[in-house]
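Quick one: structure below, then a few questions.
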Amino acid sequence: MGHRIGALMFVSRWLQLPLYLGLIVAQVVYVWIFLKELAHLVGDIDSLDETRTMLIVLGLVDVVMVANLLLMVIVGGYETFVARVNLKNHPDEPEWLSHVNANVLKVKLATAIIGISSIHLLKSFIEITGANWRWEQTMWQVIVHLAFIVSAIALALIDRLLPKAADH
């Protein structure tokens, strides 16, 4: 009986497959958003000032960073929790995939979130001159950004302190 329960638990990892497929659909949505914003940038090139251009470009960078985050979660999560992707000796295999585990994935995700938060914070600072600017909102964005940084440092320290034998 115990063997069957263990086998059922092991097979249940495939329940995560629709989640990863859903994230691929979300990535397609982000590609669509990117293309729309890029068309807006190119289409309005004559009427955009430097600040507005910078905000649109930062938005494009933000979309790319979120797409990168999605890719890390899709590939890294699938590889870690569902099944091997089996890309050995493939010339396009990402370097980080060869040593991915739950802890490495958490640190990479935290770092990506800091990058995304940095873009949002930069956009907020650029828009400070607007009439809708509120000090409290900017202050909370900085506090949340700092919380992301502290969390990433904590995750990296925890990963470094954990025995490497626990990864296998």
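The values are calculated or read from the model by the stated rules, or taken from the named source; none is laboratory data. Everything numeric in this text was worked out from a predicted model, so none of it was measured. For neighbour counting, all protein chains shown are included, and Cβ atoms are generated from backbone atoms with ideal geometry for every residue, glycine included. For accessibility, only protein heavy atoms count, side chains too; no ligands or nucleic acids. Shrake-Rupley method; radii C 1.70, N 1.55, O 1.52, S 1.80 Å.
About the Cα centre of the range 9-90, how large is the charge dipole given +1 on each Lys and Arg Cβ and -1 on each Asp and Glu Cβ? Please answer in debye to the nearest 20. Let's see the in-between values first.
Numbers: 5 positive and 7 negative charges, 142 e Å.
Dipole of the range 9-90, to the nearest 20 debye: 680 debye.
Using Cα pairs closer than 8 Å and at least 6 residues apart in sequence, work out the relative contact order for the range 1-104, in percent. Mind showing how you got there, number by number?
Values: 41 pairs, mean separation 33.6, N = 104.
Reported relative contact order: 32 percent.
Rounded, prolate or oblate: pick one for the range 1-47, where a ≥ b ≥ c are the square roots of the eigenvalues of its C-alpha gyration tensor, a/c under 1.5 means rounded, and failing that, prolate if a/b is larger than b/c, else oblate. All intermediate terms of the calculation are to be shown ahead of the outcome.
Working: a/c = 12.54, a/b = 9.70, b/c = 1.29.
Here the range 1-47 falls in the prolate category.
With r as the distance between the Cβ atoms of residue 48 and residue 147 and R0 = 35 Å, compute the FRET efficiency 1/(1 + (r/R0)^6) and round to 0.05. Don't jump to the answer; show the numbers that get you there.
Details: r = 34 Å, r/R0 = 0.97.
The value I calculate is 0.55.
State the answer as a single residue: which of 28, 156, 43 lies farthest towards the positive end of the charge dipole of the range 13-168, with beta carbon charges of +1 for Lys and Arg and -1 for Asp and Glu, about the Cα centre.
It is 156.
Grab the other residues whose beta carbon is less than 12 angstrom from that of residue 61, score K and R as +1, D and E as -1, and report the net. It would help to have the intermediate numbers written out before the result.
Working: positive: 123; negative: 37, 62.
Here the count lands on -1.
Among 61-74, 138-151, how do they line up by average Cβ neighbours within 10 Å per residue, starting with the highest?
On the way: 61-74: 18.3, 138-151: 13.4.
Ranked from most to least packed, the peptides come out as 61-74, 138-151.
Run the quick spin-label model on residue 160 and residue 136: label points 7 Å from Cα toward the beta carbon, then report their separation in nm to one decimal.
Placing both labels 7 Å beyond Cα along the Cβ direction yields 3.9 nm.
How much accessible area per residue does the chain have, counting only protein heavy atoms and a probe of 1.4 Å, in square angstrom? Spell out each step's value before the answer.
Details: 11650 Å² over 168 residues.
Using a 1.4 Å probe on heavy atoms only, each residue of the chain averages 69 Å².
Based on the mean of other beta carbon atoms within 10 Å per residue, what is the order of 106-113, 156-163, most packed first? Intermediate results must be reported in sequence, preceding the final value.
Values: 106-113: 17.9, 156-163: 11.1.
The most tightly packed comes first, giving 106-113, 156-163.
Okay, next question. Helix hunt in the chain: which complete DSSP H runs extend at least 20 Å axially by C-alpha with mean Kyte-Doolittle at least -1.0?
On the way: long enough: 17-43 (39 Å, 1.59); 50-71 (31 Å, 1.69); 102-126 (36 Å, 1.30); 135-161 (39 Å, 1.21).
Helices passing the filter in the chain: 17-43, 50-71, 102-126, 135-161.
Scale the Cα Rg of the range 1-150 by the rule-of-thumb value 2.2 N^0.38 Å and send over the ratio, two decimals. Show your work: numbers first, answer last.
Working: Rg = 20.1 Å, N = 150, 2.2 N^0.38 = 14.8 Å.
Its radius of gyration relative to the 2.2 N^0.38 Å reference: 1.36.
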